[in-house]
Amino acid sequence: MSDGSLHGVVVAHGELAAALVAETERISGQTGVLRSVSNTGCGPEQIEERVRGAVGPGPAVLFVDMPCGSCFFAAMRVGRERSDVRVVTGVNLPMLLDFVNQKALPPEESAGRAAGKGAEAIRKG
Amino acid sequence: MAIVLYRVDDRLVHGQVVIGWGRPLGISRIVLVDDDVAGSDWEQELYRMAVPAEIELRFARVADVAAQGAAWAADPRPTILLTGDIATMAAVSHAMPVGRVNLGGLHHKPGRSERLPFIFLAEDDLRQLQQLEREGVEVTAQDLPTSSPVSLGALT
């Protein structure tokens, strides 16, 4: 992830982010594309530091569980600092599985695609 | 009184506030008293994104409370008044009647120690809260309505 290629950071409550990353890697076989950040035990400053540290250099898409709360606010604040970082909310497994195979896209396009893939996966049975 | 909860939470507007407390209390308004947020259009837009359309989110500075607090309390809509720190809630209590303060989330910072998994306090924080109680404000820590309130005395 330090080679400047697009990477993803999943930011979510409790153990959710780690589980989503682990399952994406297990299903896709693609490792090293996603990192996870949990808000457990964090105040607003700490979660923001965790997100900033996980993003690191290079373009990134931040995947957040909900469009509210400390994970969302931290991601939005970090995204505001960086022109090469975008935020997508409502993270789900289908959008991550697509993302890890689209590393050549610029972050803006990647985020738009991820939001579309995530929405497509929500269906009523 | 239409203000059904006075809460101190350094995460400000988040799931525990909007859903955890908001649903059972049937709130339709949140008053966020925070000078930094009230001075930033970007921050206000961010917090608006986090609140369902049926809940009004109002931003205020500490200096607004004396003039507007009575109107907030008289408004019949169930309301949560939210601050991000103890000092701001103390200022609110000096500007309008506050009977009870809920400590909902104060996380680790240098100088603070853990009192509950969601409450970290420095000695100065504790002194401010004890002063609030001396002024007649009941202070309890409670993250969610489904958990039991913990008295300030148990946090020392």
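Observations, loosely collected:
- Residue count, the range A:61-81 (criterion: in a loop (DSSP other than H, G, I, E, B) and modelled with pLDDT under 95): 3
- Inspection of the range A:37-46 finds a residue satisfying the criterion of being away from chain B (no Cβ under 14 Å) and at pLDDT 95 or above.
- Residue pairs whose Cβ atoms lie under 6 Å apart, separated by 6 or more positions or on different chains, with the first residue in the range A:109-125 and on the phi > 0 side of the Ramachandran plot and modelled with pLDDT of 95 or more and the second open to solvent by 50 Å² or more (accessible area, probe 1.4 Å) and hydrophobic (A, V, I, L, M, F, W, C), do not occur.
- Looking only at residues in the range A:26-35 that are surrounded by fewer than 20 Cβ atoms within 10 Å (Cβ to Cβ) and over 13 Å from A:Lys103 (Cα atoms), the one that is farthest from the other protein chains (Cβ to nearest Cβ) is A:Gly29.
- Within the range B:28-50, considering residues that are among the charged types (D, E, K, R) and away from chain A (no Cβ under 14 Å), the one farthest from B:Leu106 (Cα to Cα): B:Arg29
- Taking the range B:63-95 as the range and being within 29 Å of B:Phe120 (Cβ to Cβ) and not in a helix (DSSP H, G or I) as the test, the residues that pass are B:Thr79, B:Ile80, B:Leu81, B:Leu82, B:Thr83, B:Gly84, B:Asp85.
- Once the range A:74-125 is narrowed to residues that are buried (at least 16 other Cβ atoms within 10 Å of the Cβ) and β-branched (Val, Ile, Thr), the residue that is nearest to B:His14 (Cα to Cα) is A:Thr89.
- In the range A:78-117, residue farthest from the other protein chains (Cβ to nearest Cβ) [restricted to those that are of a type in the set (Gly, Ala, Ser) and under 12 Å from the mean Cα position of the chain (by Cα)]: A:Ser110
- Whichever residue in the range B:1-27 is open to solvent by 30 Å² or more (accessible area, probe 1.4 Å) and either part of a loop (DSSP other than H, G, I, E, B) or touching a Cys at 6+ places or on another chain (Cβ under 7 Å) (or both) and, among such residues, is farthest from the other protein chains (Cβ to nearest Cβ): B:Met1
- Contact annotation: residue pairs with Cβ atoms under 6 Å, 6 or more positions apart or on different chains, pairing a residue in the range A:51-77 that is at the interface with chain B (Cβ under 10 Å from one of its Cβ atoms) with a partner that is buried (at least 24 other Cβ atoms within 10 Å of the Cβ) and of a type in the set (S, T, N, Q), are A:Ser70/A:Asn39; A:Cys71/A:Asn39.
- Condition met for A:Ala12 (in contact (Cβ under 8 Å) with a residue 24 or more places away in the chain, under 23 Å from B:Phe118 (Cα atoms), surrounded by 21 or more Cβ atoms within 10 Å (Cβ to Cβ) and more than 14 Å from every other protein chain (Cβ to nearest Cβ)): no
- Selection within the range A:41-57 - assigned to a loop (DSSP other than H, G, I, E, B) and over 14 Å from the mean Cα position of the chain (by Cα): A:Gly41, A:Cys42, A:Gly43, A:Pro57
- Scanning the range B:44-62 for residues that are open to solvent by 10 Å² or more (accessible area, probe 1.4 Å) and assigned to a strand (DSSP E or B) returns B:Glu56, B:Leu57, B:Arg58, B:Phe59.
The values are calculated or read from the model by the stated rules, or taken from the named source; none is laboratory data. Bear in mind that the values here come from a model prediction, so they are computed numbers and not experimental data. FYI the Cβ positions are ideal-geometry reconstructions off the backbone, even for glycines, and counts take in every protein chain you see. These accessible areas exclude ligands, DNA and RNA; they are computed on the full protein's heavy atoms, side chains included. Shrake-Rupley method; radii C 1.70, N 1.55, O 1.52, S 1.80 Å.
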